[in-house]
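Chemist: I'd like to ask some things about the structure below.
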Ligand code: HEM
């Protein structure tokens, strides 16, 4: 089914008033829900300074056809609520194809474009719905994912990736982990929950519809990394490509949690101008308004990389502005983006689904 047709189906379902009555029929899901320590108003995608160390990222397509589409979105919302809590943090996010045209916004939501250098594999890209299940062990993640998928027979898995955050830890209230290039990631994120919320959470003054306030845009990029090729470089060369040491320290000796003065190095002698951090965040007083909470994936020695994931309140000022600046960075020859998508994480609670259902 094409995106357009699916969108049409959902629109028709909503117009016909079919959205709203849906919900969980299966008794075991209802039981699981009442047992779970579901945290109603807390945003699962931002829970804790560090994301939980294991994840499954599952993109789903709606295959129900006819009048069940809207009700199925409500069902998916309840299924995710049911598995969320305790050792699991789970959330859903909608692709552009899942929103009826009668609903205004989210303003920036669209299908992820192909950026220069991307080789998008359509079996690993886009999707009507994103289900992200994170947890304290691979086992709890797998159990929650299987449970959720059993409850969603009208959705087909489009793509699914396992993720892990090696050396997952918190330092100065920032979540850090080691990526497949052996570098620590997370220093560029804010060090307080208020700082995270400011970059990520949609507020009333943004011109977004009221049902979307409190939500966030999530970008996933499946980035294959040429680790063999990378490992042939010296650590010194790698650090000049990233613009930080493997453990986060700046190349001019500034501690990783403080800000370097790039203006004192206009030619990029210490921190090259085409290094990742210099391209990503050239103005140290105005950091890019996004928060990264990614995972590593590994299919084999030859096929591993990042499930890059970031959240922002404005897609153009967040991910897209940084992505454009990264064109031509020194790291580009070691990376290949093969998948991902743009999604919208609705605000906590039921308000958004009730609002969509009433259109
Ligand atoms: C291609 C694979 C990538 C790798 C291996 C990678 C790795 C890193 C590393 C090691 C850092 C420094 C530590 C930190 O601040 O977390 C970093 C920083 C950063 N990266 Fe990436 N990254 C990748 C892709 C991306 C993409 C696609 C974006 C967004 C479009 C991005 C945006 C950023 C930002 C905003 C920072 C923080 C810069 C700062 O505030 O100093 N990265 N990345």
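Chemist: Only one residue in 276, 324 is over 23 Å from residue 194 (Cα atoms), at pLDDT 95 or above, exposed (fewer than 14 other Cβ atoms within 10 Å of the Cβ) and within 10 Å of the ligand (Cβ to nearest atom), so which one is that?
Modeler: Residue meeting the stated conditions: 324.
Chemist: So which residues in region 231-261 are surrounded by fewer than 19 Cβ atoms within 10 Å (Cβ to Cβ) and in contact with a helix residue (DSSP H, G or I) (Cβ under 6 Å, 6 or more places away or on another chain)?
Modeler: Answer for region 231-261, where residues must be surrounded by fewer than 19 Cβ atoms within 10 Å (Cβ to Cβ) and in contact with a helix residue (DSSP H, G or I) (Cβ under 6 Å, 6 or more places away or on another chain): just 245.
Chemist: Could you tell me how many of the residues in region 147-206 are within 25 Å of residue 305 (Cβ to Cβ), away from the ligand (no atom under 12 Å from the Cβ) and at pLDDT below 95?
Modeler: Matching residues across region 147-206 total 0.
Chemist: Tell me which residues, restricted to region 303-321, are more than 9 Å from the ligand (Cβ to nearest atom) and either in contact (Cβ under 8 Å) with a residue 60 or more places away in the chain or on the phi > 0 side of the Ramachandran plot (or both).
Modeler: 303, 304, 307, 309, 311, 312, 313, 314, 315, 316
Chemist: Continuing with the same structure: I'd like to know if region 291-299 contains one or more residues that are more than 13 Å from residue 218 (Cβ to Cβ) and in contact with a helix residue (DSSP H, G or I) (Cβ under 9 Å, 6 or more places away or on another chain).
Modeler: Looking through region 291-299, none of the residues is more than 13 Å from residue 218 (Cβ to Cβ) and in contact with a helix residue (DSSP H, G or I) (Cβ under 9 Å, 6 or more places away or on another chain).
Chemist: Spot the failing condition for residue 354; the list is (1) crowded, with 18+ Cβ neighbours inside 10 Å; (2) modelled with pLDDT under 95, and only one is missed.
Modeler: In the conditions (1) crowded, with 18+ Cβ neighbours inside 10 Å; (2) modelled with pLDDT under 95, residue 354 misses (1) alone.
Chemist: Go through (1) in contact with a strand residue (DSSP E or B) (Cβ under 7 Å, 6 or more places away or on another chain); (2) surrounded by 21 or more Cβ atoms within 10 Å (Cβ to Cβ); (3) on the phi < 0 side of the Ramachandran plot one by one and return the number of the condition residue 175 breaks.
Modeler: All conditions are met except number (1).
Chemist: Can residue 154 be described as under 22 Å from residue 217 (Cα atoms) and touching a helix residue (DSSP H, G or I) at 6+ places or on another chain (Cβ under 9 Å)?
Modeler: In short, no.
Chemist: Among residues belonging to region 327-345 that are farther than 30 Å from residue 91 by Cα and surrounded by 16 or more Cβ atoms within 10 Å (Cβ to Cβ), point out the one that is farthest from the ligand (Cβ to nearest atom).
Modeler: The residue in question is 330.
Chemist: Among (1) outside any helix (DSSP H, G or I); (2) at pLDDT 95 or above; (3) within 17 Å of the chain's Cα centre (by Cα), which single condition is residue 108 missing?
Modeler: Of the numbered conditions (1) outside any helix (DSSP H, G or I); (2) at pLDDT 95 or above; (3) within 17 Å of the chain's Cα centre (by Cα), the odd one out for residue 108 is (2).
Chemist: Continuing with this model, one more query. Within region 284-296, count every residue that is near the ligand (Cβ under 10 Å from one of its atoms) and more than 23 Å from the chain's Cα centre (by Cα).
Modeler: 1
Chemist: Sort through 248, 214, 268 and tell me the only one that's at pLDDT 95 or above, within 10 Å of the ligand (Cβ to nearest atom) and on the phi > 0 side of the Ramachandran plot.
Modeler: Among 248, 214, 268, only 248 is at pLDDT 95 or above, within 10 Å of the ligand (Cβ to nearest atom) and on the phi > 0 side of the Ramachandran plot.
The values are calculated or read from the model by the stated rules, or taken from the named source; none is laboratory data. These figures come from a predicted structure and were not determined experimentally. A quick note on method: Cβ atoms are made from the backbone with ideal geometry, for glycine too, and the neighbour counts reach across all protein chains shown.
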